[in-house]
1. Can you pull the percent of Cα pairs in region 10-133 with separation above 17 Å?
2. Find the percent of Cα-Cα distances in the chain that exceed 37 Å, and round it to a whole number.
3. Going out from 0 in 10 Å bins, what whole percent of all Cα-Cα distances in region 111-167 drops into each bin?
4. What is the local net charge at E211, summed over the other residues whose Cβ is closer than 12 Å to its Cβ (Lys, Arg +1; Asp, Glu -1)?
5. What are the ³J(HN,Hα) couplings of region 189-196, residue after residue, when phi is run through the Karplus curve with 6.51, -1.76, 1.60 and θ = phi - 60°? Round to Hz, x for glycine and proline.
6. Relative contact order of region 190-346, please, whole-number percent, based on alpha carbon pairs below 8 angstrom and at least 6 residues apart.
7. Assign one of three labels to region 156-297, namely rounded, prolate or oblate, based on the Cα gyration tensor with a ≥ b ≥ c the square roots of its eigenvalues; rounded applies when a/c is under 1.5, prolate when it is not and a/b is larger than b/c, and oblate otherwise.
8. Give me P(r) over region 265-346, computed from all C-alpha to C-alpha distances, binned every 10 Å, as integer percentages.
Amino acid sequence: MVTPTAAQVSLARRLPKIELHAHLNGSIRRSTLKELALAAGLNARESQIIRGDARTVSEMFAVFDVIHHAVRGGKTIRRIAREVLEDAEADGVVYLELRTTPRAHTECGLDQVGYVESVLQGFKDYEETAQRDRRCFARLILSIDRRDPAEVAEATVDLALRYRDRGVVGIDLSGDPTKGRWETWLGPLTRARESGLKITLHAGEVPDVDEETRRMIAFKPDRFGHLCFLSSENQSSLWASGIPIELCLTSNVLTCSSTIPTYAAHHFALHHGRGHPVALCTDDCAVFGSSLSNECAIAIAAFSLSADDLRAITRRSLHMSFLDPSSHDFAQILTRLEAGEEMDLQ
Ligand code: IMP
Ligand code: ZN
């Protein structure tokens, strides 16, 4: 395993960073999760599940079941969204593309529309208190869960279109990679793209999904997440396509250890070494016990990256983002990155 030096950790913290792959409930502040778990009266088994760092795909989904059990109501969703942005700012993240699956919490009277409103309200709460010079800009991606039937996927696209002017920039496909079939979401995803939304797909998270990955590459999404399992044919078409990849080192090493036993063996080296566009991301800070600066420090240590290498990856990540490149926010973030500004974080 890799242990970054204190200097590498400090550099990774100080440099401004871009986060493109983070799930709202997977990024919940751990102290908040503890508090909510207590209030929800979790049993001993459930409490145990959320205490450790997930190590396998099935353990990860067991953690999500417990988190979703503990997180109830619009006020809580709003609070979690605000706290995720506060934590990102404290970690030196200047732009965060957060994703979440709109879920109805029927017993609290919250529907999917209310869920999205609550997340966006959390963004607003953060913006009202953010420190101007360190502010983390944020946009939202709505996730289709692989367990969702086509009607739910269509409704998620409708929601994303409805909130496009208020910060929703795209659609993600995620959830248990052993569930569902690509044909189910192809129609809704095609409509989303034709309507101007950006698309990112979780892909290649488990073995033996080469045919699905082949069809996903043929669909030409704007970005992929993970791609831990990739046949040589799919790798060639991916490289030919130039589709950027969101890479989450700790998440991948923990949940895909059969193919990525160590950080040094992570496919970051393969794709980045070839000049293929990649972004360093966290996936689920709370579930894997990491942060973006920690992921960057690990990358510096595992792949002998210099400060300039990391700055270049970060600038490229901004260009991979779903943020409108002609927007004022994009220009402001780019200026901060180009200044190579190092932040004075406590
Ligand atoms: P939420 O959508 O904000 O509730 O975030 C948690 C959800 O994100 C999980 O229930 C999964 O559907 C999805 N998710 C988080 N991490 C992963 C991953 O590594 N692979 C696939 N889906 C994931
Ligand atoms: Zn993910």
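1. Numbers: 4551 of 7626 pairs.
Summing the P(r) tail past 17 Å for region 10-133 gives 60 percent.
2. Numbers: 6535 of 59685 pairs.
So the portion of pairs separated by more than 37 Å is 11 percent.
3. 21, 45, 24, 9, 1
4. Numbers: positive: R181, R214, R215; negative: E183, D208, D210, E212, E233.
Around E211, the charge tally is -2.
5. 5, 5, 5, 4, 5, 5, 8, x
6. Values: 183 pairs, mean separation 25.0, N = 157.
16 percent.
7. Details: a/c = 1.68, a/b = 1.34, b/c = 1.26.
Prolate, because a/c is 1.5 or more and a/b exceeds b/c.
8. In order of increasing distance, the bins hold 15, 45, 35, 6 percent.
Values quoted throughout were computed directly from the atomic coordinates according to the rules given, and no laboratory measurement underlies them. This one's a predicted model, so the numbers in the text were calculated from it and none came from an experiment. Every residue, glycine among them, receives a Cβ derived from its backbone with ideal geometry; neighbour counts consider all protein chains shown.
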